[in-house]
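Accompanying notes for the structure given below.
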Amino acid sequence: MNFDLTEERQMLQDTLRRYLADKYTTQVRNDILDSDTGFSAEIWNELAELGIIGAFFGGEHGGFGGTGFDVAVVFEELGRAGVVEPLMEVLVAGRVLEEAGHSLIEDVIGGGVHLAIAHGEPASRYDTDAVETQFADGKLSGRKAVVINAEAAEHFVVSAQDGETTSLFLVASDAAGVTVQGYPLLAGGRAGEVTFENTPCEALDVAADTLDRAFGFGIVAQCAETLGAMETATALTGEYLMTRQQFGRPIGTFQALQHRMADVLIELEQARSAVINAAGNLENDARTRDMALSAGKNLLGRAGRLVAEEAIQLHGGIAMTQEYELAHIAKRIVMADHRFGDTDFHLERFIELSTA
Amino acid sequence: MDLSYSPQEQAFRSEVKTFLKDDLPPEIADKVRRGVELTKGDMDRWHSILNARGWLAQNWPKSLGGAEWNAVQRHIWEEEAAAANAPRIVPFGLSMLAPVLMKFGSKAQQDHWLPRLLDGSDWWCQGYSEPGAGSDLASLKTRAVRDGDHYVVNGQKTWTTLGQHANMIFCLVRTDPDVKQQEGISFLLIDMDTPGIEVRPIILLDGSHEVNEVWFTDVRVPVENLVGEENKGWTYAKYLLTHERTNIAGVGYSRAGLDNVKRIARSARHNGKPLIQNPHFTARMAQVEIDLSAMATTNLRIISKAAAGEAPGVEASMLKVKGTIIRQEINDLARRAVGPYAMPFASEAVEGANDGVPDPFEAGPVAADYFNNRKLSIFGGSNEIQRGIIAKVKLGGGR
């Protein structure tokens, strides 16, 4: 048993944490949130230079990581700082390109290419199998819902029905018949509804379960990001409780609030362990892997909601204001439940797997 | 024991329904339904429609131009108004300040200010909370010093709801700093146009502008704008807070919210079936509905007592806690129901701001509402303060 980070991952974590603590202040982020693009190209490039994207991929394609723990370490720090730059998209879409052995992956690692994963559809909700977009005669037609980073992406990884099976395709964003209707997201960043109409595409030569594996990385990343955000929410709340004076003493000296803070701290450790379980089982057999992923997503959904809501409540009014750090962090935590399947979706998947 | 409404009450309900159907402007109801921010003009228009019917000042006596409804009638109104997507009547002047003026104000103050509330001449906001005085309201520091025929006011108020529309503010100010906190507070009426007042917006986490900071620098207030006696303001403030707690349970809002969740769940699909057939989601809905049905009856039990002339006590605190938990749970269900479409930022914004943001279930800004309504358990005496009151009263070991 050893729950310490390896030396390399520790260095990665330290470097990233220092960089974000210096650079990614509340003011800088609030300016990014108000911007038209929804992210900062400068910060994106600097993160790529730090090797953050390289940590998502294995050595044979120019990366230097590629395991669940590499991804978890990075996303925990991104979550701690409330980073809105679309790194999740290069992770998930990039894992597909990596399995396809696609040459684009080197540019992706260098930060020179933006990607988006166009999978969910207006009626599919969280169901990963419900794909109605059609591939026929070398062309794609259909609509994809809430495609994150759709406007900035130069390439989309798109799922479509190819006869009886669902296959994956690469589409250039400037290809014929691509329409993107963009909009901002509540927790920062932008997305779009993407329509393909007889759009030329490149078939990706990957295994049938490639998307499951890529989404597995996405779930680990999303859980780790949420964990990082929960750590910030907890730290801010603890600090506030011991600073804010009412009735002549710090409100953190009231036992009713102390006990609630204690519950928040307990759930935070539960969340940390759930992330470790999910990241550590990413290379395991599909059933073991998916149980750990669903357990993680379900637990983070529940614990995240508790931590976000309690952090706001224990602060009082100040947490309701947009300019206070916690407002953004709480939104990141709760909105994470709406990606890669929510608390109930993963509860059902866990039930199905554990009773099989 | 009889759970049904009397024939008179049922007749009243149908009168209310008819009025809402005929007189509530559809474009305003539509804004409320879609969660679009109402303009001052919208709110003024609705107030004047209600006033024309004599239903604006619902708890005022008829002699002063009010509807003089009892607690059951007000409850029926609140249920029907929420179901019809009517805007909330802005409460600060009509149902908070007015009772204080009627009980503690001078004849001249009553004659001057009350009619202006009915005809919309004045828009009032509430100057209670300060940055350092939230739950501990009595520690407020905004200072008023007597100078001839005026008080000179310096300090800052915060969380001033709809203060951006107001031309008048009623304020708790400290007139004697040398006595027990509660004994040095006075109740002042202040014209927002007086030099030295600055209103600064506070943008909430969902992007909405509902609340403000109000800053006072050497603001001169005529002494005739003191309500009651100097240094007795805390008594009036507490009296006002009992009126702040009317409709505290929010049963009408919860019913309307739950109906909306069911509507979304009928059209959203989950793993190929309507979401409303999903056992986990329906279990969540059912739990809230069960809690709501009991809370609605608790509410009615308290309302019948109030209609019979008994003052509500600790029960108001209980309703505040349970009512806000239920409303927040319904907001949580709504954001779950729309699935990935909770992520787009549909703000409670001005008309047109959400064009292009997908809303396939016509759910409105459900995720923004979820965050905005975290305020329910914070404002008007946080749920922690309410629990403290409940424990103190029921355990009897209080100060």
*Taking the options A:TYR240, A:TYR324, name whichever one is crowded, with 17+ Cβ neighbours inside 10 Å, hydroxyl-bearing (Ser, Thr, Tyr) and more than 10 Å from chain B (Cβ to nearest Cβ).*
A:TYR240
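Is it fair to say A:ALA274 is among the small types (Gly, Ala, Ser), more than 22 Å from A:ASP127 (Cα to Cα) and within 9 Å of another protein chain (Cβ to nearest Cβ)?
Details: among the small types (Gly, Ala, Ser): yes; more than 22 Å from A:ASP127 (Cα to Cα): yes; within 9 Å of another protein chain (Cβ to nearest Cβ): no.
Considered against the rule, which asks whether it is among the small types (Gly, Ala, Ser), more than 22 Å from A:ASP127 (Cα to Cα) and within 9 Å of another protein chain (Cβ to nearest Cβ), A:ALA274 comes out as no.
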*Say whether the condition of being within 14 Å of chain B (Cβ to nearest Cβ), among the hydroxyl-bearing types (Ser, Thr, Tyr), touching a Leu at 6+ places or on another chain (Cβ under 9 Å) and crowded, with 22+ Cβ neighbours inside 10 Å is met by at least one residue in segment A:292-303.*
yes
*Sole exception among (1) over 18 Å from A:THR343 (Cα atoms); (2) of a type in the set (Asp, Glu); (3) within 14 Å of another protein chain (Cβ to nearest Cβ) for A:GLU309, by number*: (1)
*Do we find that A:ALA152 is more than 30 Å from A:ARG29 (Cα to Cα) and more than 12 Å from every other protein chain (Cβ to nearest Cβ) in this structure?*
no
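Which residues, taken from segment A:100-111, are assigned to a helix (DSSP H, G or I) and surrounded by fewer than 20 Cβ atoms within 10 Å (Cβ to Cβ)? Write out each step before concluding.
Pass one, segment A:100-111, residues assigned to a helix (DSSP H, G or I): A:105-110.
Within segment A:100-111, A:GLU106, A:ASP107, A:GLY110 meet the criteria.
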_Filter pass, B:ASP149 being touching a helix residue (DSSP H, G or I) at 6+ places or on another chain (Cβ under 6 Å), under 25 Å from A:GLN245 (Cα atoms) and modelled with pLDDT of 95 or more_ = no
_Considering only residues that are in contact (Cβ under 8 Å) with a residue 24 or more places away in the chain and farther than 16 Å from A:GLU197 by Cα, which ones fall in segment A:128-149?_
A:THR128, A:ASP129, A:VAL146, A:VAL147, A:ILE148, A:ASN149
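Of the residues B:THR242, B:THR217, only one is surrounded by fewer than 21 Cβ atoms within 10 Å (Cβ to Cβ), β-branched (Val, Ile, Thr) and over 25 Å from the mean Cα position of the chain (by Cα); which?
Values: B:THR242 fails: over 25 Å from the mean Cα position of the chain (by Cα).
Only one candidate passes the filter, namely B:THR217.
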*Here are B:ILE389, B:ILE326: which of them is more than 7 Å from chain A (Cβ to nearest Cβ), in a helix (DSSP H, G or I) and modelled with pLDDT under 95?*
B:ILE389
*asked:* Any residue in segment B:359-380 that is within 7 Å of chain A (Cβ to nearest Cβ) sitting within a Cβ distance under 7 Å of a residue that is of a type in the set (D, E, K, R) and assigned to a loop (DSSP other than H, G, I, E, B)? List the pairs, counting only those 6 or more apart or interchain.
replied: B:ALA368/B:ASP206; B:ALA368/B:GLU348; B:PHE371/B:ASP206
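Would you tally the residues in segment B:143-167 being assigned to a strand (DSSP E or B) and more than 17 Å from B:GLU198 (Cα to Cα)? Step through it out loud before you land on a result.
Filtering segment B:143-167 down to residues assigned to a strand (DSSP E or B) leaves B:143-147, B:150-157.
Retained after the next criterion (residues that are more than 17 Å from B:GLU198 (Cα to Cα)): B:145-147, B:150-151.
Counting residues in segment B:143-167 that are assigned to a strand (DSSP E or B) and more than 17 Å from B:GLU198 (Cα to Cα) gives 5.
If you go through segment B:247-286 one residue at a time, how many are under 22 Å from A:TYR126 (Cβ atoms) and either hydrophobic (A, V, I, L, M, F, W, C) or assigned to a helix (DSSP H, G or I) (or both)?
Restricting attention to segment B:247-286, the residues satisfying the condition of being under 22 Å from A:TYR126 (Cβ atoms) are B:260-286.
Restricting the remaining residues to those that are either hydrophobic (A, V, I, L, M, F, W, C) or assigned to a helix (DSSP H, G or I) (or both) gives B:260-268, B:275-277, B:279-286.
Residues flagged as under 22 Å from A:TYR126 (Cβ atoms) and either hydrophobic (A, V, I, L, M, F, W, C) or assigned to a helix (DSSP H, G or I) (or both) within segment B:247-286 amount to 20.
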*Is it true that some residue in segment A:67-83 is free of Cβ contacts under 8 Å to residues at least 60 places away in the same chain, out of contact with any His (no Cβ under 8 Å at 6 or more places or on another chain) and more than 20 Å from A:LEU300 (Cα to Cα)?*
no
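Taking helices (runs of 4 or more DSSP H) that fall entirely within segment B:1-107, which contain at least 2 residues that are closer than 19 Å to B:THR242 by Cα?
Numbers: elements: B:7-23, B:26-34, B:40-53, B:71-83, B:98-104.
Output list reads B:71-83, B:98-104.
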*How many of the residues making up segment A:331-353 are facing another protein chain (nearest Cβ under 7 Å) and of a type in the set (A, V, I, L, M)?*
2
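Filter segment A:180-206 down to the residues that are of a type in the set (S, T, N, Q) and under 18 Å from A:PHE135 (Cβ atoms) and list them by number. Even if it seems obvious, please write down each step before you answer.
Quick first cut of segment A:180-206, residues of a type in the set (S, T, N, Q) only: A:181, A:195, A:198-199.
A:THR195, A:ASN198, A:THR199, listed by residue number.
Could you say which residue among A:GLN181, A:GLN161 is part of a strand (DSSP E or B) and farther than 29 Å from A:SER294 by Cβ? First the steps, then the outcome.
On the way: A:GLN161 fails: farther than 29 Å from A:SER294 by Cβ.
Result of the check over A:GLN181, A:GLN161: A:GLN181.
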*What pairs come up if the first residue lies in segment B:238-261 and is over 16 Å from B:THR324 (Cβ atoms), the second is of a type in the set (A, V, I, L, M, F, W, C) and at pLDDT below 85, and their beta carbons are under 9 Å apart, counting only those six or more places apart or on different chains?*
B:THR242/B:ALA311
*The listed residue being out of contact with any Leu (no Cβ under 6 Å at 6 or more places or on another chain) and part of a loop (DSSP other than H, G, I, E, B), out of B:ALA311, B:ALA334, B:ALA316*: B:ALA311
*asked:* Need the failing condition index for A:GLY192 against (1) closer than 18 Å to A:GLU269 by Cα; (2) within 14 Å of chain B (Cβ to nearest Cβ), just the number.
replied: (1)
*Identify the single condition in (1) aliphatic (A, V, I, L, M); (2) assigned to a helix (DSSP H, G or I); (3) crowded, with 21+ Cβ neighbours inside 10 Å that A:VAL194 does not satisfy, given that it satisfies every other one.*
(2)
*Count of segment B:99-146 residues which are within 14 Å of chain A (Cβ to nearest Cβ) and farther than 25 Å from B:ASP218 by Cβ*: 3
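Suppose we filter segment A:270-292 for residues that are among the acidic types (Asp, Glu), touching a residue at least 60 places away in the same chain (Cβ under 8 Å) and not in a helix (DSSP H, G or I); how many remain? First the steps, then the outcome.
Start the filter on segment A:270-292 by keeping residues that are among the acidic types (Asp, Glu), which leaves A:283, A:285, A:290.
Going one step further and asking which of them are touching a residue at least 60 places away in the same chain (Cβ under 8 Å), we end up with A:283, A:290.
Narrowing further to those that are not in a helix (DSSP H, G or I): A:283.
Going through segment A:270-292 one residue at a time, the tally reaches 1.
The values are calculated or read from the model by the stated rules, or taken from the named source; none is laboratory data. Here the structure is a predicted model, which means the values were calculated and not measured. Here the Cβ is made from the backbone with ideal geometry for all residues, glycine too, and neighbour counts use every protein chain on show.
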